[in-house]
Amino acid sequence: GEDVEQSLFLSVREGDSSVINCTYTDSSSTYLYWYKQEPGAGLQLLTYIFSNMDMKQDQRLTVLLNKKDKHLSLRIADTQTGDSAIYFCAESRGDKIIFGKGTRLHILP
Amino acid sequence: IAGITQAPTSQILAAGRRMTLRCTQDMRHNAMYWYRQDLGLGLRLIHYSNTAGTTGKGEVPDGYSVSRANTDDFPLTLASAVPSQTSVYFCASSERQGVDTQYFGPGTRLTVL
């Protein structure tokens, strides 16, 4: 299909790792992104990965890219209450950026 | 100001009224975008502009118009609002259209009754 797909909800216990998955459609996408939206706010870029990379790590965040399967994942280590937000996967497609519908991450105490 | 701002923060509007949502950025970005965010539908692109003086249609342009008279401002106009335009509207900008990181405004929550 044409959509960037991601599950709508994820619940994780505080201190555990969160893994948010995404599948995209355009094998020629140059960049893939993860944006974070906190309640009542706009989206903010969290991290991105260039298409010739397999993995990118930035503090508690790890992005894994499987180009063969067009699969992108975001791992958040030691999940905190402040990580509660909606996470959007996005791909560059030609002259546009296409967003997924977002995954709402809920943190359990 | 720093970054991208939107006004108003929220608005309740009667159906049939005209409304302009304002968006201003001070980053001298060439590209600007308007999205609407609806529960279960994610972000949908309404209109975009590659550079001052040009605009283009996104995924859901009907009922909306935009203008880009200068680099900084990108207003979105609803000529005759309808209830289905009730949504949260986000303006965004990027240095160039396409691959560059998009920076988002805080959003305008619009309710059309």
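Compute the length gained on full extension between B:Ala79 and B:Leu113: take 0.36 nm times their separation in residues and subtract their Cα-Cα distance, giving the result in nm to one decimal.
Difference between extended and current length: 10.7 nm.
Using a simple spin-label model with points 7 Å from Cα along the Cα→Cβ vector, what separation in nm is obtained for B:Asn50 and B:Asp26?
With each label point 7 Å from Cα toward Cβ, the separation is 2.9 nm.
Output the Cα-based Rg and Dmax of the stretch A:1-54 in Å, rounding Rg to one decimal and Dmax to a whole number.
So, for the stretch A:1-54, Rg and Dmax equal 13.3, 37 Å respectively.
Can you give me the C-alpha center-to-center distance between the stretch A:1-21 and the stretch B:60-113, rounded to a whole angstrom?
Using only Cα atoms, the two centres lie 27 Å from each other.
Using just the C-alpha positions of the protein assembly as shown as equal point scatterers, what log10 of I(q)/I(0) does the Debye formula give at each q in 0.08, 0.09, 0.11, 0.12 1/Å?
Scattering profile of the protein assembly as shown, log10 relative to I(0): -0.29, -0.37, -0.55, -0.65.
Compute the orientation-averaged projected area for the stretch B:1-66 from the convex hull of its Cα atoms and round it to one decimal in nm².
Directional mean of the projected Cα hull area for the stretch B:1-66 stands at 5.5 nm².
Give me the one-decimal nm value for the distance between modelled label points at A:Leu108 and A:Ser7, 7 Å along each residue's Cα-to-Cβ direction.
Output for this residue pair reads 1.2 nm.
As a test of the definition: which semi-axes, in Å, follow for chain A when you take the square root of five times each eigenvalue of its alpha carbon gyration tensor? Largest first, please. It would help to have the intermediate numbers written out before the result.
Details: eigenvalues 103, 43, 28 Å².
So the equivalent ellipsoid measures 23, 15, 12 Å along its semi-axes.
From largest to smallest, what semi-axes in whole angstrom does the stretch B:1-112 give when each is the square root of 5 times an eigenvalue of its alpha carbon gyration tensor? Could the numbers behind the result be given before it?
Values: eigenvalues 94, 37, 36 Å².
Working from the Cα gyration tensor, I get semi-axes of 22, 14, 13 Å.
Values quoted throughout were computed directly from the atomic coordinates according to the rules given, and no laboratory measurement underlies them. On a predicted model such as this, the values are computed, not experimentally measured, just so you know. Because the Cβ atoms are built from the backbone with ideal geometry, glycine has one as well, and the counts that use them run over all protein chains shown.
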